[in-house]
1. Would you mind telling me which numbered condition in (1) in contact with a Lys or Arg (Cβ under 7 Å, 6 or more places away or on another chain); (2) within 27 Å of Ala11 (Cβ to Cβ); (3) in a loop (DSSP other than H, G, I, E, B); (4) not β-branched (Val, Ile, Thr) Ala94 fails?
2. Starting from residues that are of a type in the set (Gly, Ala, Ser) and without any contact (Cβ under 8 Å) to a residue 60 or more places away in the chain, keep the ones in segment 90-117 and report whichever is surrounded by the fewest Cβ atoms within 10 Å (Cβ to Cβ).
3. Applying the selection to segment 53-89, what residues are in a loop (DSSP other than H, G, I, E, B), buried (at least 17 other Cβ atoms within 10 Å of the Cβ) and aliphatic (A, V, I, L, M)?
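All of the numbers you see were taken from the coordinates with simple rules; none came from a lab. Nothing here was measured: the structure is a model prediction, and the numbers come from that model. Neighbour counts run over all protein chains shown; Cβ positions are idealised from the backbone, glycine included.
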Amino acid sequence: MTANLVAARPARLIIISAAGVGDSRAALNWPMRALLATSNVGVAYADLENAERALAASDLNWQAMRPVTLTGGARTGRVAVVDRFGVTDRIARADVAAFMLSSLEAPAIDCHTPMIR
């Protein structure tokens, strides 16, 4: 699927990845690392890593948002780009969507893989 997106040559592309994918894996706590090693969640993370690699190899103006655990809560307007996150960190899907739209509308994408909470 990512290959099709890259081939379409959009002016900007923002996808949802996950905190703990790629170079943010070091930020994972040990229970999450164990979960990735022993469950099907690890398969999904591998797919996300492949998508991020495809974007990085392209010359597109792209971003892969890496949110922490998603909730269905109401938008709070509080989104932070972080280097690490806690076991209990959560972010509302509505906040992720709003942050993605604001990033898409910004003059330039300055961070390819922001980890957000």
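1. The number of the failed condition is (3).
2. Among those residues, the one meeting the criterion is Ala108.
3. Hits for segment 53-89 are Leu60, Val68, Val79.
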